[in-house]
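Following: one structure in structure tokens, then a few remarks.
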Amino acid sequence: MDAAPLIDSLFSDGRMLEIPWSIDYFSVLVGVLTGALFACDRRLDIVGTVASGLLTAYGGGITRDLLMQSHGVYFTSDPNLILICVALCFFVFYFRGLFRHLEATVFFADALSVGLFALAGASKAFECGYGVVMTVIFGAITSVGGGALRDMSVGETPGIFQSSNFYAVAGLGGSAAFTLLAFLQAPLVIAGIVCVFVVFSLRYWSVYFDWKTTSDPVLSQHLRSGAGKMGRSLKSVGQRALRFVSSVVAVFLHAGGTEKAMKAQRPKLSWRQRKGRGWSQAGRPEREAPSEEAPKPPDGGHEEPT
Amino acid sequence: MDAAPLIDSLFSDGRMLEIPWSIDYFSVLVGVLTGALFACDRRLDIVGTVASGLLTAYGGGITRDLLMQSHGVYFTSDPNLILICVALCFFVFYFRGLFRHLEATVFFADALSVGLFALAGASKAFECGYGVVMTVIFGAITSVGGGALRDMSVGETPGIFQSSNFYAVAGLGGSAAFTLLAFLQAPLVIAGIVCVFVVFSLRYWSVYFDWKTTSDPVLSQHLRSGAGKMGRSLKSVGQRALRFVSSVVAVFLHAGGTEKAMKAQRPKLSWRQRKGRGWSQAGRPEREAPSEEAPKPPDGGHEEPT
Amino acid sequence: MDAAPLIDSLFSDGRMLEIPWSIDYFSVLVGVLTGALFACDRRLDIVGTVASGLLTAYGGGITRDLLMQSHGVYFTSDPNLILICVALCFFVFYFRGLFRHLEATVFFADALSVGLFALAGASKAFECGYGVVMTVIFGAITSVGGGALRDMSVGETPGIFQSSNFYAVAGLGGSAAFTLLAFLQAPLVIAGIVCVFVVFSLRYWSVYFDWKTTSDPVLSQHLRSGAGKMGRSLKSVGQRALRFVSSVVAVFLHAGGTEKAMKAQRPKLSWRQRKGRGWSQAGRPEREAPSEEAPKPPDGGHEEPT
């Protein structure tokens, strides 16, 4: 590889960042590696290993490209890279034991790779003329979308959606840093380096200092005691609005008596157990209130099929 | 908000329905609210809450826009709305206790929101020149696609796919009502109002009267006694066709004896436990036949990895 | 149906394969059938049955069309076929008992259908000017993507990702056969027939001879004894690279001492249990090493929400 054009392209001052193919290849291959290791962990076969590897590496970019609709799909642009990815998946599948001793190396490579994905997503959105908000969002989607899709593809809740060390937060932070600098007219090379650095640092610090996102915010706990009172007054307002809507609706639906009938019926019909989008959520917290730490029942709130 | 241009735009008789932004905002924000409450219910962290909220609100529209391929993606068209959505997700995440007492309000808002999503999906398909069937389908996908994607994203079977009060049925009904009126040259404003009204009524009635979709149709039970006889005769036809195909195929594959060999082998190889798309389905009903009410075994028909 | 134009179109020597609509209809309807039987198996309601049927039949094609971005979406091109599919879903839902005795017929129809889907995917990619690699990939995605999406939509790990008789392998084989012949300038009709034949044969033989993909490759087992040694030497290289990266990084992050601090901390912080993409994979094999056959713990490596 000749370094001169690479450096030239890095420091050209156009408003378009040419990421050298070697950097693209690195981030994609690390994505494939982590995806394939994930598949081996779940004891998938070679088909699942290849699919999981490709999904992890390309999933975020595919999501970005589909949402952009007319700027090409990166996945289809470089068939040679796909061949290398497939070969890597085969290697990981058959020699999985080798990676048992490379934990920390994989961790660092992955943190770097997420940073490069955030850069790739944000810089493409910036070039395509999206605004600040969409640039940040596209960067974040590209950086962690692949991992999330991989988790979903085997029926698990994505790790980034759960209480964990920073991962999506790191991707979002790097994406925001790139966007800020890019829209402030900083050279894109600088913005890109800062982006990768921010992602890597956030990810590293989060593991080093054991920072975690929480699923049970302190604020919520503090406010819980006051929530009943405030909730009740809100409920009163809600009920009044509801009563008005209901009575208007009831005229059309079945001529009055709605609110009363609903109230009378509620114990019998056990509304809270109803399956349905808005309803089941709304009904949940009250049901769970008596014991906050109680494990979720195995039926997961689903009704038994009748 | 000035009412005059809003009313003007509502009653302009063009073949294009201008939905005021305030209505769009309402339906998206209610979608975000239900998605975020769902995430709190599953104890996701803030990343999961924002992702779940956005997916619920925009998922149906994104699916519609991707299938249309060249009419823009609504999700990327209004970054300000996304910022408001994210703020709402943070509010729900930290003040989830407040919504504990607003069950009924959330239920009504959600029913209204589904109606507005059905309208948004069907009217965009109508404007883009799709026919009756696709307009109805796009309306239904837009109305309930977000909730289904949200359920899938945390590894659950979507609630709308299971025995439950009408939800997808309501979205489909409203979408069909809009399409019927729109193709009958009714003013689109009227069609839109009817659409929302039909969705809201179906959803409300379904909960009020406890109407549910079934997963075990009565027709099937009635016919079960007769099924054996009819099934056996069909099987006989099927077996004959199969025998013919097999013998033709066998000539190419390994020179005869197929059918016999397969029969001889079947007990040993336990075909019914084979994993595979067509096969596992086909094998299922017979396996389940002895006890119709028996709970599904925990292995879910998957083979143990060997 | 008049046979003459059909045969004419089959043997026209253009570089474009006109697949007769009857063949398209057959493969889509068989896909719908297997999807609807799958839904009945999981006790979904009629909404889930229709969604599962359509997803199985069209999912692969939709994935292909979205990745191609500007060559139309097959799903939206033929509303009449969708109506027939929905009708078939209703039939399967209410008369599911009839299919209990048609196992083998469904198996053969499904194998044929997968072959035709592989052909449809590969031939469209070939016509659109994609190269060898992408043509093979698009063929494979189209042939088995629908089944995989259907499995994911109900929160299961796709069957094709697990140790099983050939399914994705068959689709891939047929797709590769078509691509090879097409790029060698063979008449596309011949390539198409070979494609379907290869898929059908691979699927059939795989069940007949009980060939299965494995999730625990023999190679890996043989090499396991040697893995420790090789792994340790690789680890040593990895650690050295890591130490270099770390010390460079540490200068920026918190002025030295990184590697040492990390090592000191590891037992206390229990890095291996950390949730996170790269980390959890990397950490896994070592944890599992003591008992290779031990069943996966029920927590699936997820941390308890705190």
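The residue that is surrounded by the most Cβ atoms within 10 Å (Cβ to Cβ), counting only those in region B:68-79 that are among the hydroxyl-bearing types (S, T, Y) and within 9 Å of another protein chain (Cβ to nearest Cβ), is B:T76. Taking (1) within 19 Å of A:R203 (Cα to Cα); (2) more than 16 Å from the chain's Cα centre (by Cα) in turn, A:F93 satisfies each apart from (1).
Scanning region A:119-138 turns up one or more residues that are farther than 29 Å from C:P158 by Cα and of a type in the set (F, W, Y). Out of curiosity, is A:Y58 within 30 Å of C:T214 (Cβ to Cβ), aromatic (F, W, Y) and either modelled with pLDDT under 95 or not assigned by TED's automatic domain parsing to the domain that holds A:T179 (or both)? Judged against the criteria, A:Y58 is not a match. Considering region B:90-146, and only residues there that are touching a residue at least 40 places away in the same chain (Cβ under 8 Å) and among the polar types (S, T, N, Q), the residue that is nearest to B:G31 (Cα to Cα) turns out to be B:S113. Whether a residue is more than 7 Å from every other protein chain (Cβ to nearest Cβ) and in contact (Cβ under 8 Å) with a residue 40 or more places away in the chain was assessed, and C:L37 does not pass this test.
In this structure, A:V169 does satisfy being under 15 Å from the mean Cα position of the chain (by Cα) and in contact (Cβ under 8 Å) with a residue 12 or more places away in the chain. When we screen A:T49, A:T105, A:T34 for residues that are under 25 Å from the mean Cα position of the chain (by Cα), over 30 Å from A:V189 (Cβ atoms), in the same structural domain as A:P187 (by TED's automatic domain parsing) and among the β-branched types (V, I, T), the only hit is A:T49. The lone criterion from (1) at pLDDT 90 or above; (2) closer than 21 Å to C:M134 by Cα left unmet by A:R42 is number (2).
Rundown of residues vs (1) open to solvent by less than 10 Å² (accessible area, probe 1.4 Å); (2) more than 30 Å from B:T76 (Cβ to Cβ); (3) not β-branched (V, I, T), yes/no style:
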position: A:L55; (1), (2), (3): no, no, yes
position: A:L81; (1), (2), (3): yes, no, yes
position: A:R96; (1), (2), (3): no, yes, yes
position: A:R100; (1), (2), (3): no, yes, yes
position: A:F108; (1), (2), (3): no, yes, yes
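Scoring A:F91 on the criteria (1) under 19 Å from C:V136 (Cα atoms); (2) more than 10 Å from chain C (Cβ to nearest Cβ) leaves a single failure, condition (1). Among the residues making up region B:35-51, those that are open to solvent by less than 10 Å² (accessible area, probe 1.4 Å) and of a type in the set (A, V, I, L, M, F, W, C) are B:A36, B:L37, B:F38, B:A39, B:C40, B:L44. Among the residues of region C:57-67, just one is in contact with a Leu (Cβ under 7 Å, 6 or more places away or on another chain) and surrounded by fewer than 20 Cβ atoms within 10 Å (Cβ to Cβ), namely C:L66.
Would you check if there is a residue in region A:13-27 being of a type in the set (D, E), at pLDDT below 90 and open to solvent by less than 40 Å² (accessible area, probe 1.4 Å)? Yes - at least one qualifying residue is present in region A:13-27.
Those helices (runs of 4 or more DSSP H) of region A:116-215 in which at least 1 residues are touching a helix residue (DSSP H, G or I) at 6+ places or on another chain (Cβ under 8 Å), open to solvent by less than 30 Å² (accessible area, probe 1.4 Å) and within 12 Å of chain B (Cβ to nearest Cβ), considering only elements entirely within it, cover A:132-153, A:168-183. In the condition set (1) facing chain A (nearest Cβ under 9 Å); (2) surrounded by fewer than 23 Cβ atoms within 10 Å (Cβ to Cβ); (3) among the β-branched types (V, I, T), B:V30 is compliant with all but (2). Only one of the numbered conditions (1) within 30 Å of A:L67 (Cβ to Cβ); (2) within 7 Å of chain B (Cβ to nearest Cβ) is violated by C:D45, and that is (1).
The values are calculated or read from the model by the stated rules, or taken from the named source; none is laboratory data. These numbers were taken from a predicted model, which means no experiment stands behind them. Here the Cβ is made from the backbone with ideal geometry for all residues, glycine too, and neighbour counts use every protein chain on show. These area figures cover heavy atoms from the full protein model, side chains too; ligands, DNA and RNA do not enter into them. Shrake-Rupley method; radii C 1.70, N 1.55, O 1.52, S 1.80 Å.
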